[in-house]
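Before any comments, here is the structure.
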Amino acid sequence: MNAKVNDSDAATEALIREVDEDLKRDRAEKLWKAYGSYVVAAAAILVLGVAGNEGWSHWKTSQAQSDSARFAQVSQQATQGKAEDSLSGLEAMAKDGGAVYATLAEMKKAGILTIRGETAKAVESYQLAANHSGMGPLYQSAAKLNALALQIDSGDSAKLEAELAPLAAASEPWRHTAQELLALLAIRTGDTAKAQDIYTRLSDDATAPHGLRARAAELRQSLEAKGRS
């Protein structure tokens, strides 16, 4: 997990430099088309990794060994060039597995579908996972957030904003990522003032992850530079 996060941070730093140049050249539309999906995918993969790994570690000792072994087997197939077998196994487990593993299977399936570019199916899987109560509200919120993240570049902006708003509330565990997605949505719709306000609040929020705060500060500065040009 740490290696993935480090790789993501390095890629994000390079992304920020290019974003800054594009904004200064007044190419906001190109910015969104070039980078919006990348940022969304990075956020979704990170949330999936945290939810999947922590969820499995927390629950595997209290679930039937058969469910644990079954989940491990079908998940491993995805890394062995057997994505179709993995998807079939995960889909079956999402239907007949225990409450916890049914949720994990649905989220794992959604992650594989995301990587394969099958966005609509991935969104559907995340939405199904969000409706599972077996792992509690933390993971339901993660699933909801992933479903919304995958729609951020093409979904109905008003609907997305309405669904992201509750996840961005101060009491929500994934609020910082939800707020960042709201900023991306604002950029997509041309409301740079709103995006700048969100980035300002995120960069000043001591409870936000360090990498996210740094990214928000850079993007806020880029938007300010664009406004002065």
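State all residues of the range 185-213 that are charged (D, E, K, R) and either farther than 12 Å from LEU223 by Cβ or touching a His at 6+ places or on another chain (Cβ under 6 Å) (or both); if no residue qualifies, say none.
Hits for the range 185-213 are ARG188, ARG201, ASP204, ASP205, ARG213.
Just checking, how many residues over the range 81-134 are of a type outside the set (D, E, K, R), outside any helix (DSSP H, G or I) and over 19 Å from LEU150 (Cβ atoms)?
Count: 5.
Would you mind finding the one in LYS159, LYS144 that is under 25 Å from LYS109 (Cβ atoms), free of Cβ contacts under 8 Å to residues at least 12 places away in the same chain, in a helix (DSSP H, G or I) and not β-branched (Val, Ile, Thr)?
Result: LYS159 is the single residue among LYS159, LYS144 that is under 25 Å from LYS109 (Cβ atoms), free of Cβ contacts under 8 Å to residues at least 12 places away in the same chain, in a helix (DSSP H, G or I) and not β-branched (Val, Ile, Thr).
What's the number of the only condition in (1) farther than 30 Å from GLY190 by Cβ; (2) out of contact with any Leu (no Cβ under 7 Å at 6 or more places or on another chain); (3) basic (Lys, Arg) that LYS108 fails to meet?
The number of the failed condition is (2).
What is the one condition in (1) within 15 Å of ALA147 (Cα to Cα); (2) buried (at least 17 other Cβ atoms within 10 Å of the Cβ); (3) not hydroxyl-bearing (Ser, Thr, Tyr) that GLU172 does not satisfy?
Unmet for GLU172, out of (1) within 15 Å of ALA147 (Cα to Cα); (2) buried (at least 17 other Cβ atoms within 10 Å of the Cβ); (3) not hydroxyl-bearing (Ser, Thr, Tyr): (1).
Taking the range 90-133 on its own, how many of its residues are surrounded by fewer than 18 Cβ atoms within 10 Å (Cβ to Cβ) and not hydroxyl-bearing (Ser, Thr, Tyr)?
14
Return the total of residues in the range 100-118 being basic (Lys, Arg) and under 10 Å from LEU90 (Cβ atoms).
2
Out of (1) of a type in the set (Asp, Glu); (2) buried (at least 21 other Cβ atoms within 10 Å of the Cβ); (3) touching a residue at least 40 places away in the same chain (Cβ under 8 Å), what's the single condition that is false for ASP153?
Unmet for ASP153, out of (1) of a type in the set (Asp, Glu); (2) buried (at least 21 other Cβ atoms within 10 Å of the Cβ); (3) touching a residue at least 40 places away in the same chain (Cβ under 8 Å): (2).
Values in this text are rule-based calculations from the coordinates and carry no lab data. The shown structure was predicted, so the numbers you read here are calculated from the model rather than taken from an experiment. Don't worry about glycine lacking a Cβ; one is built from the backbone with ideal geometry, like all the others, and counts go over all protein chains shown.
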